[in-house]
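The block underneath contains the structure these notes are about, expressed in structure tokens.
The numbers here are math on the coordinates, done by the rules we state, and not lab data. Note that the structure is predicted; figures quoted are calculated from it, not measured. Backbone-built Cβ (ideal geometry, glycine too); neighbour counts: all protein chains shown.
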Amino acid sequence: MNPLKHVAIIMDGNGRWGLKYKKSRNAGHRAGLNTVEKIIKETINQKIKYLTLYAFSTENWKRPRKEIKYLFSLLEDFLITKIDELNNQNIKLKVIGIKNFSTKLNKLLNLAEKKTFKNTKLQINLALNYGSKSEIIIALKKLKKNNQIINEQNLTKYLQTKDIPDPEILIRTGNTQRLSNFLLWQAAYSEIFFEKKLWPSFERSDFKKIIKKYKTIKRNFGSI
Ligand code: FPP
């Protein structure tokens, strides 16, 4: 049976769900947050050690200001109301991406990371203002600055995921089949699952089905 340490998710479809059921994209983001909580529970249940969630890409700044503001206010509320609960459950929170948000949000994110730093049950990587190409370029610049040889091992050391195993599973909900600048390096050998359901409709049972399917896949890593 295939080992499973890390699941990465592109949580797509909030906007469409919100428009379809509540006539508001933002309502879809709120509903999406409920799914986040459900999936965290199932990740713990499955004894998976790392969960990476794509919450805001470097390209998402192109969205209307009102929607961006709402997303960040959701995230602030989440951090304020849930961080102690996450901490009590021995969950570590780490941000991947560049933290250049409001002073309030930056502080909340730093505090959440500091508070949960030593936790060991599950590590949640929140990809925020994250873009894989820019992550790789930053890593290459550091390699050059430190006069190091360019090879896989050295480059990996400078990625934001440096201490995290590559995801064995990458899920994208929302019936769209692309990677959208997410973990391009780290997902080189991930099993990719494109899920038709929109993120707010994605259930624990859907997640469990994907895990079950993954466990049966013959993973060759280029061999036969
Ligand atoms: C993509 O759906 C989703 C996002 C850009 C935001 C994801 C955010 C959440 C799930 C809530 C906040 C999360 C945390 C962890 C606090 P979309 O808006 O692109 O959907 P669409 O393709 O239907 O327009």
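Based solely on its DSSP helices, what 222 nm [θ] is calculated for the chain when runs of n ≥ 4 H residues each add -39,500 (n - 2.57) and the sum is averaged over all residues, nearest 500 deg cm²/dmol?
-14500 deg cm²/dmol
A 32 angstrom limit on the alpha carbon distance is what I want to check against. Which of 20/157; 5/115; 69/197; 20/212; 115/142 exceed it?
The pairs that break the limit, which is 32 Å between Cα atoms, are 20/157.
Modelled label-to-label distance, residue 114 and residue 66, 7 Å Cα→beta-carbon offset: nm?
In this crude label model, residue 114 to residue 66 measures out at 3.6 nm.
Which percent of Cα-Cα pairs in the range 1-141 sits in each 10 Å bin, short to long?
Taking every Cα pair in the range 1-141, the percentages come to 11, 40, 36, 12, 1.
³J(HN,Hα) across the range 163-174 via Karplus (A = 6.51, B = -1.76, C = 1.60, θ = phi - 60°), whole Hz, x for Gly/Pro?
Working through the residues one at a time gives 9, 10, x, 4, x, 7, 10, 10, 10, 10, 8, x Hz.
Could you work out the local net charge near residue 188, counting Lys and Arg as +1, Asp and Glu as -1, over the other residues with Cβ closer than 12 Å to its Cβ?
-4
Pick from 45, 26, 110: which is most flexible by mean-square fluctuation in a GNM of the chain where alpha carbon atoms under 10 Å apart are linked?
Comparing 45, 26, 110 in the GNM, the peak value goes to 45.
May I ask which residue of 164, 18, 46 lies farthest towards the positive end of the charge dipole of the chain, with charges of +1 (Lys, Arg) and -1 (Asp, Glu) on Cβ and the Cα centre as origin?
18
Which links in 23/196; 92/213; 114/196 stretch past 25 Å when you go from one Cα to the other?
With Cα atoms farther than 25 Å apart: 92/213; 114/196.
Straight-line reach from residue 141: which aspartates and glutamates fall under 16 Å, measuring Cα to Cα and dropping same-chain residues less than 8 apart?
Cα-Cα hits under 16 Å: 152.
Roughly what would the spin-label model give for residue 162 and residue 204, points 7 Å off Cα along C-beta, in nm?
Output for this residue pair reads 3.7 nm.
Below 17 Å, Cα to Cα, which aspartates and glutamates can residue 118 reach? Residues fewer than 8 away in the same chain don't count.
Cross-link targets: 84, 85, 163.
Pick from 47, 162, 66 the residue whose mean-square fluctuation is largest in a GNM of the chain, springs joining Cα atoms under 10 Å.
In the Gaussian network model the winner is 66.
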